[in-house]
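One structure is given here, and the rest of the page talks about it.
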Amino acid sequence: MPSLSQRAGALKPSATIAMNQRARELKAGGADIIDLTVGEPDFRPPSAVLQAASRLALSGADRYTPVAGIPELRAAAADSYRADGGLSYAPEQLMVSPGAKSALTSAILALINPGDEAIIPVPAWLSYAEQVKLAGGHPVLIATGADSGYKLSPRALRAALSPRTKLLILCSPSNPTGAVYSAAELEALAAVLHDRPELWVLSDEVYRAIRYVADAPSPAALPELYGRCVVVRGLSKSHAMTGWRIGFAAGPKPLMDACIAIQGQSLTCAAALSQLAGLEALRGDQAEARAMVEAYAQRRAFMTERLAAMPGLRMSAPDGAFYAYPRAEALLGKTDSAYPLNSSDELALYLLNEAGVALVPGSAFGDDGALRISFAAADGLLYEALARMDRALAKLA
């Protein structure tokens, strides 16, 4: 057949989705698998959202909307940015997108020219790197470690800057580590960028509502960065609305106008019914959303305790999101009865085969010394998964 584009050939498939698909295949074949791969809440959306969606579906909420989203939702999103984080944006500075991932893609396409560099601290959700490559740019992956809380240091940022640097991508709370930048840490990074006014910051804050520390400040809250920062949020994690596909991007109006133009030529708009349900999610009672976070906090506590006690693992409690990220270097190089365990991929495969627990190897995030375990699953499943992992890892001791 005729050849595909170089752009298509350069993209890597999602390792998270690949592990999830493998778990599904094993389940379909009759295997008893506990799947802790995907970052999808095990809760339903708030009941008021479901009721509103049912009512609206019968009322004819099934037409195209403005590309940037319905005005009421853009205004509600602006209010939510102001209420949670103190970020002041007019509704015209916001875009509603079919999920936060789409908002990230539009922003990167609007900012990156061929040959531009984007700095990405890793471990990180590596869709960032693939999106940068899709735009013709070059992702510059900067390793961080557990000793720094998996956060980019000013020294590392300064060393990574080059004449081609155009973008810094931050995620706080982080997927996969749960790391949260403090205001002082962001100010130190902003000081490095002071003499680089042409450099943009893309702040992925989709996990902002799920945090176990007092605050998760946004880079856009700093006057130094506000005018060159795009802030992406969404409802998938905060309101368990993954399949509804509602995300938001906010930033300087010229940039948002460009993002809206890109969305208009590629996706048209987010689904009308999802937007109206999203309006209910933002405007309605937040009690059920807060209860989800409280449940995650309880899971975080027992996940941290149990994983820290397992042979070969080192575990610190995450400050946000719903992932445990234990260090597993001590297990690499060991051999079970079937094959050596020389990488996080092989360790994850061992736990899948030996324990029936599907999780994501750290290599998927640019870090081969760790594992990512989602605790967005029912408590009973988590307890059973941890017991299985403990038994399997004890065989390697």
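Every number in this text was worked out from the coordinates using simple rules, so none of it is lab data. As the structure is a computational prediction, the values presented were derived from the model and not from experiment. No Cβ is skipped: glycine too gets one built from the backbone with ideal geometry, and neighbour counts run over all protein chains shown.
Full-extension gain between Thr268 and Glu305, please, as 0.36 nm times their residue separation minus the C-alpha to C-alpha distance. All intermediate terms of the calculation are to be shown ahead of the outcome.
Numbers: separation 37, 0.36 × 37 = 13.32 nm, distance 4.64 nm.
This chain segment gains 8.7 nm when fully extended.
Listing His138, His194, His239 from fewest to most neighbouring C-beta atoms within 10 Å gives His194, His138, His239. As a length-normalised measure over Cα pairs under 8 Å and 6 or more apart, the relative contact order of the range 47-283 settles at 30 percent. Here the sum of -39500 (n - 2.57) over DSSP H runs of 4 or more residues, divided by the residues of the chain, equals -12500 deg cm²/dmol at 222 nm, to the nearest 500.
Going by neighbour counts of Cβ atoms within 10 Å, the residues Lys166, Lys133 line up, fewest first, as Lys133, Lys166.
Sort 369-378, 53-62 for me by packing, meaning the mean count of neighbouring Cβ atoms within 10 Å per residue, highest on top.
On the way: 369-378: 23.2, 53-62: 13.0.
Per-residue Cβ counts within 10 Å, averaged per peptide and sorted highest first, yield 369-378, 53-62.
Each Cα pair under 8 Å and six or more residues apart adds its separation to the average, and for the chain the resulting relative contact order is 23 percent. Using Cα pairs closer than 8 Å and at least 6 residues apart in sequence, work out the relative contact order for the range 94-183, in percent. So the answer I get is 31 percent.
A cut-off of 5 Å between modelled amide H atoms, ignoring neighbours fewer than 5 places along the same chain, links Ala370 with Ala328, Gly362, Ser363. Protection proxy ranking, highest mean first, for peptides 350-359, 293-302, 66-75, 100-109: 100-109, 350-359, 66-75, 293-302, where packing is the per-residue count of other beta-carbon atoms within 10 Å, averaged. Converting phi to 3J(HN,Hα) with the Karplus coefficients 6.51, -1.76 and 1.60 and the offset θ = phi - 60°, the range 345-355 yields 4, 5, 5, 4, 5, 4, 5, 5, 6, 7, 10 Hz in sequence order, with x at every glycine or proline.
With neighbours defined as other Cβ atoms within 10 Å of a residue's Cβ, the residues Arg314, Arg233 order from fewest to most as Arg314, Arg233. Taking amide H positions as modeled 1.01 Å from N, with prolines and chain starts lacking one, the residues under 5 Å from Gly247 and 5 or more places away or on another chain are Ser97, Gly99, Ala100.
Which net charge results for the neighbourhood of Ala308, defined as the other residues with beta-carbon distances under 14 angstrom from its beta-carbon, given Lys and Arg at +1 and Asp and Glu at -1? Don't skip to the answer; put the middle values down first.
Values: positive: Arg300, Arg306, Arg314, Arg327; negative: Glu305, Asp390.
Local net charge: +2.
The lysine pair count for the chain, using Cα distances under 14 Å and pairs eight or more places apart or on different chains, is 4. Derived scalar couplings between HN and Hα for the range 13-27 equal x, 6, 5, 4, 5, 5, 5, 4, 5, 4, 4, 4, 5, 5, 4 Hz in order, rounded to whole Hz, by the Karplus curve 6.51 cos²θ - 1.76 cosθ + 1.60 (θ = phi - 60°), x for Gly and Pro.
For the pair the range 211-280 and the range 39-84, the centres of their Cα atoms are 13 angstrom apart. Around the amide H of Tyr150, modelled in the peptide plane, lie the amide H atoms of Gly145, all under 5 Å away and 5 or more residues distant in sequence or on another chain. May I ask for the angle, rounded to the nearest 10°, between helix 71-83 and the longest principal axis of the chain, with both axes built from Cα atoms and the value confined to 0 to 90°? Taking Cα atoms only, the helix is inclined about 60 degrees.
How far, in nm, would the chain grow between Ala214 and Ala378 when pulled straight, counting 0.36 nm per residue and subtracting the alpha carbon separation?
Details: separation 164, 0.36 × 164 = 59.04 nm, distance 2.56 nm.
Gain on stretching Ala214 to Ala378: 56.5 nm.
Sparsely packed loop sites in the range 193-274 (the GluC sites (Glu not before Pro) outside DSSP H, G, I, E and B with at most 10 other Cβ atoms within 10 Å) comprise Glu198. Backbone geometry of the range 358-365 corresponds, through the Karplus equation with coefficients 6.51, -1.76 and 1.60 at θ = phi - 60°, to 3J(HN,Hα) couplings of 9, 9, 10, x, x, 4, 5, 10 Hz, x marking Gly and Pro.
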